[in-house]
Amino acid sequence: MNPSATEVCNTIDDDCDAAIDEDDAADAGAWYADSDGDGFGDADVAQLACEAPEGTVADATDCDDGETAVNPDAAEVCDGQDNNCDGAIDEASAADAATWYSDADEDGFGDASAPLVACDQPAGAVADSQDCDDGLAAVNPDATELCDGQDNDCDGDTDEPDAADAATWYSDDDGDGYGDGGAPVLGCDAPTGTVADATDCDDDDVSVNPGEAEVYYDGVDADCDEASDYDADGDGDDAELYGGGDCDDGDAGAYTGLNCRPDPGCVSVSLTTLASKDPSGGSDLVFDDSCAAYVSSLISGTDYVYKIAADGTATVITGYSNYNIPAMTLSPAGKVVVSHNDNSTNAVGQQGSGTTISNLVTGTFSSGSSWANSYMNYCSSSIAVDDANCAWTPNFSGKGTLVCANLSTGAKSTLLTLSDRIEGVYVGPDGGLYASAGKVLYTVDTSAATSVALYTASATILDLVVDYNGDVYLETTGNEILHYDASSATASVYDTVSGDGKLAISPDGRLVRLILNPPSAATYEEWTLGD
């Protein structure tokens, strides 16, 4: 020890300066400020000393001596700082760095097989990893599943039944190629035991489907058309044998509708009986379904309607005193309906519960007629009742008017007006309304209040009837009976006649003509109609 000795850190005053181990000792160490007390010092704040000054450490690697959590032993986190003092900020090795996934098709869903770890989202990457085809933007968990051989919605299944364009298939249990509409199944491809068709009405019977021929009257809808199995001719009326009203279910044009021709066990009144029971001044003739004839009278006195049975029994339906009855028919309920006048009262009357006829609807018939017999003037020469209980009365509100006298309500309404005086009206077997005005035969649509001209004769048409085949027979002022064939829409002369007559169709297939001769008794003639 002497003044020239070198001071060292040995607890001795080596240079005899009265100080021991001072900071300039040859082997004094460097110490660094550790302001945050994390055990790592700040290289920018250093001092020499034999012993560590308070608040210093021998380490000089702290890159932020103001943050205890920043030092070389700290874990790097994504916070915008160099937490571990390695010179890099928020590197991929940060403890809380996120995993990102490549989104090459830019659909917002990433490819799990191409992960990227980073604090911030790299370009072209997303946080999602559910894309099952990162080469197709239309394939991702939000996409709609389609029947295209791909897993469009990335649910692990391809072309499942809930695909947007999945087809509907139907169970075909009987294997006839037609499916049960009540058993639908969705699928991109037809499931086993199904077909695209849904029209089978009995999927347990291979002989029942729309491709089969219908076998009528067996109670089975073999062709699945939902039509009645008891209506072979398709006219809307079941066969009479099976509770319907069709007497000939093999011909849609024959024996159908309101007045279906009965089985000819019913025989109509003979001409001899008609002539013997005719009231004086016979004016109109009609038959009911039991083959009884009804004849009205037209005389200067009390007028009647007679009901004449096939055995000749005659029932008098009370008439009117000095009321002319030029036209008479039957309602669907079998009641007598007449039009009459006494030159002051013009009315449509209907039979009540007994045999009395009472006025129901009054009006004014237009005068003038094409009939040679003057008794037919100032009257309706024809009347017809449909299934809606309308008594169609010609010229009841002026010349050419066709008026519904409602038998249920007593109301009167004009349907339409034809261009000439209406002489004949008739409700056909199919319920259709026919009318003749002048020389023209019309069909009338009562729902639309329209008429269609069917045929124009060479002379004025006085009367008309429609047979059970839908053919029309017309009597004209040319002393001819014309046959209008509905199927061909042509007319021909059926026969020539004399005088004025009224026509009727009998249930047993005869065309019967009453030859007017009021106030004397009428005479009769007939023709047998073919089927």
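The values are calculated or read from the model by the stated rules, or taken from the named source; none is laboratory data. Nothing here was measured: the structure is a model prediction, and the numbers come from that model. Cβ: placed from backbone, ideal geometry, glycine included. Neighbour counts: every protein chain shown.
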Some residue of the range 473-488 being touching a His at 6+ places or on another chain (Cβ under 9 Å), of a type outside the set (V, I, T) and surrounded by 19 or more Cβ atoms within 10 Å (Cβ to Cβ): yes
Whichever residue in the range 478-502 is of a type in the set (A, V, I, L, M) and outside any loop (DSSP other than H, G, I, E, B) and, among such residues, is farthest from T443 (Cα to Cα): V493
Extreme residue, farthest from the chain's Cα centre (by Cα), among residues of the range 164-194 that are surrounded by 18 or more Cβ atoms within 10 Å (Cβ to Cβ) and in a strand (DSSP E or B): T194
Any pair with Cβ under 6 angstrom, 6 or more apart, that starts in the range 311-340 at a residue that is more than 24 Å from D500 (Cα to Cα) and at pLDDT below 90 and ends at one that is of a type in the set (V, I, T) and not in a strand (DSSP E or B): G312/T273; I317/T355; T318/T355; T318/T356; S321/T302
Pairs with Cβ under 7 Å, 6+ apart, first in the range 91-108 and closer than 19 Å to D142 by Cα, second of a type in the set (S, T, Y) and in a loop (DSSP other than H, G, I, E, B): Y101/S129
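Per-residue answers, yes or no, for (1) modelled with pLDDT of 85 or more; (2) β-branched (V, I, T); (3) within 30 Å of L136 (Cβ to Cβ):
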residue	(1), (2), (3)
N10	no, no, no
A33	no, no, no
D42	no, no, no
A52	no, no, no
D59	yes, no, no
C85	yes, no, no
I89	yes, yes, no
A118	yes, no, yes
Inter-residue pairs, beta-carbon under 9 Å, first under 15 Å from D311 (Cβ atoms) and in the range 268-279, second crowded, with 19+ Cβ neighbours inside 10 Å and of a type in the set (S, T, N, Q), 6+ apart: S268/S506; V269/S506
Residue ID - nearest to S280 (Cα to Cα), chosen from residues in the range 492-512 that are crowded, with 16+ Cβ neighbours inside 10 Å and without any contact (Cβ under 8 Å) to a residue 40 or more places away in the chain: G501
Residues within the range 402-429 that are surrounded by fewer than 18 Cβ atoms within 10 Å (Cβ to Cβ) and assigned to a loop (DSSP other than H, G, I, E, B), tallied: 6
A88 being over 30 Å from D153 (Cα atoms), assigned to a loop (DSSP other than H, G, I, E, B) and free of Cβ contacts under 8 Å to residues at least 24 places away in the same chain: yes
The range 238-275, subset over 25 Å from L514 (Cβ atoms) and aliphatic (A, V, I, L, M), residue modelled with the lowest pLDDT: A254
Test: residue in the range 126-139 that is of a type in the set (D, E), out of contact with any strand residue (DSSP E or B) (no Cβ under 7 Å at 6 or more places or on another chain) and either exposed (fewer than 13 other Cβ atoms within 10 Å of the Cβ) or not in a loop (DSSP other than H, G, I, E, B) (or both): no
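Let's see how each residue does on (1) acidic (D, E); (2) in a loop (DSSP other than H, G, I, E, B):
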{"position": "D17", "(1), (2)": "yes, yes"}
{"position": "E22", "(1), (2)": "yes, yes"}
{"position": "A25", "(1), (2)": "no, yes"}
{"position": "A30", "(1), (2)": "no, no"}
{"position": "A46", "(1), (2)": "no, no"}
{"position": "P53", "(1), (2)": "no, yes"}
{"position": "A60", "(1), (2)": "no, yes"}
{"position": "C63", "(1), (2)": "no, yes"}
{"position": "P72", "(1), (2)": "no, yes"}
Subset of the range 207-226 that is exposed (fewer than 14 other Cβ atoms within 10 Å of the Cβ) and under 22 Å from the mean Cα position of the chain (by Cα) - its residue that is farthest from G175 (Cα to Cα): E226
Search result, residues across the range 31-53 that are surrounded by 14 or more Cβ atoms within 10 Å (Cβ to Cβ) and charged (D, E, K, R): D34, D36, D38, D42
Residue in the range 493-525 that is modelled with the lowest pLDDT, counting only those that are small (G, A, S) and more than 17 Å from S436 (Cβ to Cβ): G509
Of all residues in the range 98-125 being part of a loop (DSSP other than H, G, I, E, B) and of a type in the set (A, V, I, L, M), the one that is farthest from D79 (Cα to Cα): A104
Subset of the range 283-310 that is under 18 Å from H340 (Cα atoms) and of a type in the set (F, W, Y) - its residue that is modelled with the lowest pLDDT: Y304
